[in-house]
Amino acid sequence: MKLNIHKKLLLTILSTSMLIYIATLGYLSYNIREMSLENAQKLTDSYADEYANFVMKELNGDMNIARTIKQSFLDYELVDKNVRDKIYNNTIKNVLIDNPQFIATSVSWELNAVDTSYKKPYGRVRTTFFREDGRIKHRVDSLELEGDVIGSTYYKIKVDKREIITPPYFFSYSNSKFDQILESSVAIPILNNEKFAGLVVIDIALDRFETMVSKIKPYKNSYAFLLANNGKFVAIPDNTYLNKLISELDPESNIKYNIIENVKNGKKFSFFKYDDAGKEYYVSFTPLQLGKSVTPWSIGIVVPVEEITVKAYYNLYISILVTILGLTLLTYIIWVISKEFSKPITETTLVLKELAKGDIELTKQLKIKRNDEIGEIKQSVNKLISGLNKTAEFASQIGQGNLDSKFEVLSKKDVLGNSLLEMRKSLERAQNEDKKRKEIDQKQSWATKGTARFGEILRENTDNINEFSYNIISNLVRYIDANQGGLYVINDKNNNDIYIELAACYAYNKRKKLTKKIPYGVGLIGRCIMEANKIYITNLPKDYINITSGLGGDSPSCILVVPLKFNENVLGVIEIASFKKLEPYKIEFIEKISESIASTISNVKINEKTVLLLEESKIQSEELTSHEEEMRQNMEEMRATQEELNSKIADISNILTSYKAISLSAEYNLSGHLINISNSYLKLLNLNKSFIIGEKHGSLISGMSYGSEKFEEFWADLRIGIKKRVLQHFHVEDKELWIYENYSPVYDNKNNIIKIICIAIDITKLVNQNQFDLTSFEN
């Protein structure tokens, strides 16, 4: 059965709505518990985060006050003791008065920090202000005078030098159980150059957090609690658990989920649990990071799962009722609307069928009597007919090759019109690409011809560097249509005078006879050789004639300097000047052939050197022949002289050997170590040679110890060639000896000091006979 559009709309929309409704209802029914639990977890966690931040703000505010007090006490060494005690005591007292949430404030000073005469590493004095019976009272205590209490909170802070907030505890300054309150202490160490000097402590009442925590109720019958770092309750609706461990309230969950350990480590965690009656709860924990302490607290929220699901199922029932009423109303509205616009759609359909057949006559346009969507449909059909006519005309113009024909698309989404415009762009791009391709082909052909041409040129005049250079530069300037150019080579014939030489210059179709010598590293030419990179300069000033590059004439528009590199060695440069800017492909061409030019220059220079070496070799050979006879005669004379010299050396060696055998002598290296000593000297001193060799000089000199200032000065003088003399006074067994020593440097054939020799004389007899004036001798 064929259905008209009215029935199709009614059937389609209603069936779709029913399917959506059934699917949604089924999905919600199936996942209502999971969705509600997930939302409840997010809500509970957000509550925990919010109140955790609030509690952290409160406690961190208290810690900031303690830090401020500590900061004001850091200059305690600069304040007079009597004034200091008064000022500091007033400070902590006023802090207690201005902050009603504080129970007590105190400061402890290490005695060795405030009393310079106190030297023990323990002992402190504590000043405390506290509230009692509505008044502020004051107390001063001296503590740990016999030694630190190992394991105490104060000792731990003293060792760790780290601020803390203590676990909660019950305390009364009157020592009465009836007025005990739950409190915690904020402790901030006072450090002087990283040394523990004292401790600022603020005792804060924790009852203010009970009111805060009691207000946290994200769901009915839910509750919250605050845990200290050690797992003890700071605030909880049931006050009987205050300052008790959570493991006492719920030992099973503590073991199963490691609650106390997670709180100590500052972890955020959550879990589901059942109580003894089988009731399910969701529990969420959020850490509180307190200042710089390593003892975070945690806030926990407990929510009954039953309260979450009851609310979710109630919302589901309301949603089902609203959906049924909505479907009924939707059915009636769809019936009316479908009836209203099915008729004009039928008219439009007939016109579209004609368009589908290709009939786009303007007489097919529809009459528009409505301003709603139906009217817009008719208007769109009319625009389509008009647009198709314009598109057909434009396509005809494109087909005739008229690419400049004007055409406007119906809209950005006009596929046919945009396709025709793209087709025109494609045709235009094809024309442009064809033009560019021809230009590239021309440039490549130009470069290929140039490479072949210069390949032939490089084979000419390879025996004369100047002719070779001119042939290259003149052809290059003409080929790239420049105005002038020069070819420079490095002249390294003399290693002591290396410079850059202008080998050839060409300008305005004429050979220029210029002689140029440029110091190495000077100007653009020198810079190009040093950097081994091309230099291209444009936009030169009108009055710019010389760029320390040597090319005269009119001011060029650009200058190009390209290094001639072969095997990473720069042999010279090519310099080009032009009134027109050089195109990139010409610069690239010059760089490419510069490698071949450099290679050929290298070969030319090698050939020139080879010829020069051959000539020098020929001359040297002739000279060598003429000198051979003279050298033979000289050798005969030298042989006779050498024999005479060897005889004299043998005589001198015998004399020295005899002298050393009877003389008192010793030899030292330049660091003062004994390397040799005569037997006569050893016998006089009654020493063993193996025992004394290698010893420092100071071990043999009386009154001059090794390493002393006198010793260092003595050897510093010897090492720079200054001779020294020493009068030694020894007692060898029962004999008294007086030794006069002369120290002299010994030189090698290059005039370098290689060792120190000591020649000594035994003057004991002269001294004993009073023939030697000891008072006139100074070492």
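The values are calculated or read from the model by the stated rules, or taken from the named source; none is laboratory data. Not measured: the values here are computed from a predicted model. Positions of Cβ are generated from backbone atoms using ideal geometry, with glycine treated the same way; all protein chains shown enter the neighbour counts. To get the accessible areas, we keep the full protein, side chains included, count just its heavy atoms, and leave off ligands, DNA and RNA. Shrake-Rupley method; radii C 1.70, N 1.55, O 1.52, S 1.80 Å.
Some points to look at:
- Scanning region 199-211 for residues that are in contact with a helix residue (DSSP H, G or I) (Cβ under 7 Å, 6 or more places away or on another chain) and not in a strand (DSSP E or B) turns up just one, Phe209.
- Thr309 satisfies every condition listed in (1) part of a loop (DSSP other than H, G, I, E, B); (2) modelled with pLDDT under 90 except (1).
- Filtering region 260-273 for residues that are touching a residue at least 24 places away in the same chain (Cβ under 8 Å) and more than 27 Å from Glu38 (Cβ to Cβ) leaves a non-empty set.
- Condition met for Lys86 (part of a helix (DSSP H, G or I), over 48 Å from the mean Cα position of the chain (by Cα) and touching a residue at least 24 places away in the same chain (Cβ under 8 Å)): no
- Residue tally, condition open to solvent by 60 Å² or more (accessible area, probe 1.4 Å) and in contact (Cβ under 8 Å) with a residue 24 or more places away in the chain, over region 99-117: 0
- Of the listed requirements (1) open to solvent by 70 Å² or more (accessible area, probe 1.4 Å); (2) of a type in the set (A, V, I, L, M, F, W, C); (3) assigned to a strand (DSSP E or B), Phe285 misses just one: (1).
- When Glu583, Glu591, Glu615 are checked against the criterion of being exposed (fewer than 11 other Cβ atoms within 10 Å of the Cβ) and out of contact with any Asp or Glu (no Cβ under 6 Å at 6 or more places or on another chain), a single residue qualifies: Glu615.
- Any chance Tyr506 is buried (at least 18 other Cβ atoms within 10 Å of the Cβ), modelled with pLDDT of 85 or more and more than 51 Å from the chain's Cα centre (by Cα): yes
- Pairs where the first residue, in region 118-137, is more than 14 Å from Asp148 (Cβ to Cβ) and the second is of a type in the set (Phe, Trp, Tyr) and open to solvent by 40 Å² or more (accessible area, probe 1.4 Å), C-beta under 7 Å, 6+ apart: none
- Within region 414-471, restricting attention to residues that are of a type in the set (A, V, I, L, M) and in contact with a helix residue (DSSP H, G or I) (Cβ under 7 Å, 6 or more places away or on another chain), the residue that is farthest from Ile593 (Cα to Cα) is Leu416.
- Residue list for region 235-259, restricted to those being open to solvent by less than 30 Å² (accessible area, probe 1.4 Å) and either under 18 Å from Tyr219 (Cα atoms) or within 46 Å of the chain's Cα centre (by Cα) (or both): Ile236, Asn254, Ile259
- Looking only at residues in region 132-165 that are open to solvent by 30 Å² or more (accessible area, probe 1.4 Å) and of a type in the set (A, V, I, L, M, F, W, C), the one that is nearest to Pro296 (Cα to Cα) is Ile164.
- Residue tally, condition among the aliphatic types (A, V, I, L, M) and surrounded by 14 or more Cβ atoms within 10 Å (Cβ to Cβ), over region 706-765: 11
- Filtered residues of region 175-191 (kept if open to solvent by 30 Å² or more (accessible area, probe 1.4 Å) and either within 19 Å of Pro100 (Cβ to Cβ) or modelled with pLDDT of 90 or more (or both)): Asp179, Gln180, Ile181, Leu191
- Ile360 vs. criteria modelled with pLDDT under 75, more than 58 Å from the chain's Cα centre (by Cα) and farther than 28 Å from Ser15 by Cβ: yes
- Val409 modelled with pLDDT under 75, in a loop (DSSP other than H, G, I, E, B) and open to solvent by less than 70 Å² (accessible area, probe 1.4 Å): yes
- Qualifying residue in region 726-734 (condition: at positive phi and polar (S, T, N, Q)): no
- Criterion (more than 21 Å from Leu560 (Cα to Cα) and either open to solvent by less than 70 Å² (accessible area, probe 1.4 Å) or assigned to a helix (DSSP H, G or I) (or both)) met by exactly one of Gly455, Gly450, Gly486: Gly455
- Filter pass, Glu110 being under 27 Å from Asn99 (Cα atoms) and either of a type in the set (Gly, Ala, Ser) or within 50 Å of the chain's Cα centre (by Cα) (or both): yes
- Members of region 458-482 found to be open to solvent by 50 Å² or more (accessible area, probe 1.4 Å), more than 24 Å from Asn603 (Cβ to Cβ) and outside any helix (DSSP H, G or I), listed by number: Asp481
- Selected residue [without any contact (Cβ under 8 Å) to a residue 24 or more places away in the chain, more than 30 Å from Glu575 (Cα to Cα) and open to solvent by 100 Å² or more (accessible area, probe 1.4 Å)] from Glu623, Glu644: Glu644
- Residue identified as out of contact with any Leu (no Cβ under 7 Å at 6 or more places or on another chain) and modelled with pLDDT under 90 among Gly698, Gly694: Gly698
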